[in-house]
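To start, the structure under review is shown below, and the notes come after it.
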Amino acid sequence: MSNKLHNPESKYTVGILLGWLWTVLRGNRRQVVLNASLGLMGVACSLLMVWAMQRAIDIAAGNRSGSLYWGVALMGGIIVCEFALNISKVWLKNILGVKAQNRMQRQMLDRLLRAEWRGKDRYHSGDIINRLEQDVQTVVTFITETLPTTLSTLALFVGAFFYLMQMDFWLAFVTVAILPLFILVSRIYVAQMRKYTRRVRNSDSQVQSLLTETVQNRMLIKTLEAGDRMVDRLGDTQTELRQHVRQRTKFSIASNLFVNGGFSLGYLVAFLWGAVRMSANTITFGQMTAFLQLVFRIQGPARDLTRLAPAFVGVFTAAERLMELEEAPQEQQGEGVLMPSPCGVRLEDVTYAYEKNDEPVLSHLSFDFRPGTCTAVLGETGAGKTTLIRLILALVYPQQGRVEVYADGRTETVSPLCRCNFVYVPQGNTLLSGTIRENLLMGRPDATDDELWRVLHTVCGDFVTTLPQGLDTVCTESGGGLSEGQAQRIAIARALLRDRSVVLFDEATSALDPDTERQLLENILSDRQKTIIFITHRPAVVDYCDQVLRVE
């Protein structure tokens, strides 16, 4: 069967996907058990209702002795139980369901943040967000709701079938005789729908990626007067999505017509069978009603089981897309290797290229950033200055040579565990949405207000005192509400709060005016307790440095 279910466009077999889903299920055992238990109790109530209704009708028709009022009261009690079960199911879905989804999103995000950074992102940020939202929801819903519901559906099917078989063997047999044909067709259905669904989900991710990128770059698009082109591009992408949805919908409608036609025919046969027997006085009106109720309770679950095929298609596709995010190797994990301060950084014959067949960005580079020194790294755009920073931070690794951090006779090859010795200020506006205080505390969560004000003064950030809400001033995305120079100074303050031995500045003063830049540099370089590396084009920065590295 796995061959029938396998999608040739997927690199994951059905066995691999089921193994991954089993791992997710184990992490949500409590909710699965609770939902399954409520479902089975619902099955018991459903079958009890058939018996109670048959009993009440037969009492009313005089075919059975007993109190009609007690019979109706029994039905009412069962209805109350069903209401309570439905309320419990809604509560579990809305409370525990959201909790399970949030937990899986945190786990996926944590894995992404711990993954090796390859230098070139394979997936667009909009695509990743789409997977973390839509695909996580699909997987969690299937594991915590669909599977437990399937168990109760099977129980209802089996219970109703045996109940009906005790009343009329041949009617029970005719009711389920068509199921093997549906099972055969569903195998073909799943394989085809997986292909269509994968295309729909990929197109949906492309739409979200384009929306994300357009919103993030609104200013650029406006200045290029490219708004119409971006809207047209979105329209083309949406058209492709609609085409894939149309193909999937056509196939789904044709499949549903076949399935529903078969079930409708089966119900008509059951109705005719019961009517003929009642006209021959071989069954009572209550038994006729029970026949129809049981046929419905057999066909209803059977119909639900056929709908399980699309659910498997959806969860297989979602699982594939989430497993792709997990493919990136994880960085080395463990306790950080903290070196004595100040420590130095040494490159020995380093060569690096982002792809195997690319020209090296850096070739046979050797240099010593000695402890306590300040170095300016100069070079043309694209010469490899930012790549040098990534090598020092162990975000990428050289294909040849090595990068070391050293102090007091100790030497360590740089790795993610050595990252605790560095603080990094990237180029551009890197503030996150939130208050100025929240942005600063990312550098050191336990910093006091006095320490925050002190570091702001060091980076010429006293302008914060003039803001109406001071440290609690809210910044929007990318430091919105502040000028580029103000945002850059807060980013430098955040880095200095981290208080590490080696400080890496990547064009970190590019938005500052000359006087502010000069004062900031004097404040930062007033002592020689840190090793400072400046990636810069600014002559003012070079004047404060002990040595210069020119990257050709």
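The values are calculated or read from the model by the stated rules, or taken from the named source; none is laboratory data. Because the structure is a prediction, the values reported are computed rather than measured. In this analysis, Cβ positions are derived from the backbone assuming ideal geometry, glycine residues included, and neighbour counts consider all displayed protein chains. Accessible surface areas use protein heavy atoms only, side chains included; no ligands, DNA or RNA. Shrake-Rupley method; radii C 1.70, N 1.55, O 1.52, S 1.80 Å.
State yes or no: is Glu507 touching a residue at least 60 places away in the same chain (Cβ under 8 Å), open to solvent by less than 30 Å² (accessible area, probe 1.4 Å) and among the charged types (D, E, K, R)? Judged against the criteria, Glu507 is a match.
So, Ile95, is that one at pLDDT below 85, assigned to a helix (DSSP H, G or I) and out of contact with any helix residue (DSSP H, G or I) (no Cβ under 7 Å at 6 or more places or on another chain) or not? So Ile95 fits the description; yes. It is to be established whether one or more residues within segment 19-31 are under 30 Å from Arg199 (Cβ atoms), open to solvent by 80 Å² or more (accessible area, probe 1.4 Å) and modelled with pLDDT of 80 or more. So far as segment 19-31 goes, yes, one or more of its residues are under 30 Å from Arg199 (Cβ atoms), open to solvent by 80 Å² or more (accessible area, probe 1.4 Å) and modelled with pLDDT of 80 or more. Criterion first (out of contact with any His (no Cβ under 9 Å at 6 or more places or on another chain), more than 30 Å from Glu213 (Cα to Cα) and either at pLDDT below 85 or assigned to a loop (DSSP other than H, G, I, E, B) (or both)) does Gly76 satisfy it? So Gly76 fails the test. Annotation: of all residues in segment 524-541 being part of a helix (DSSP H, G or I) and either touching a Cys at 6+ places or on another chain (Cβ under 6 Å) or surrounded by 14 or more Cβ atoms within 10 Å (Cβ to Cβ) (or both), the one that is modelled with the lowest pLDDT is Ala540.
Just so you know, in segment 231-257 the residues that are open to solvent by less than 40 Å² (accessible area, probe 1.4 Å) and modelled with pLDDT under 80 include one that is nearest to Ile129 (Cα to Cα), and it is Ser252. Being at pLDDT 90 or above and either more than 29 Å from the chain's Cα centre (by Cα) or surrounded by 21 or more Cβ atoms within 10 Å (Cβ to Cβ) (or both) is true for just one of Gly401, Gly382. Which residue is that? Gly401 is the lone residue from the list that is at pLDDT 90 or above and either more than 29 Å from the chain's Cα centre (by Cα) or surrounded by 21 or more Cβ atoms within 10 Å (Cβ to Cβ) (or both).
Across segment 61-73, which residue is modelled with the lowest pLDDT among those that are open to solvent by less than 70 Å² (accessible area, probe 1.4 Å) and either among the hydroxyl-bearing types (Ser, Thr, Tyr) or touching a Phe, Trp or Tyr at 6+ places or on another chain (Cβ under 6 Å) (or both)? Selected residue: Ala61. Could you tell me whether Gly481 is free of Cβ contacts under 8 Å to residues at least 60 places away in the same chain and more than 19 Å from Gln427 (Cβ to Cβ)? Considered against the rule, which asks whether it is free of Cβ contacts under 8 Å to residues at least 60 places away in the same chain and more than 19 Å from Gln427 (Cβ to Cβ), Gly481 comes out as yes. Can Leu74 be described as without any contact (Cβ under 8 Å) to a residue 40 or more places away in the chain and closer than 30 Å to Ala394 by Cα? Judged against the criteria, Leu74 is not a match.
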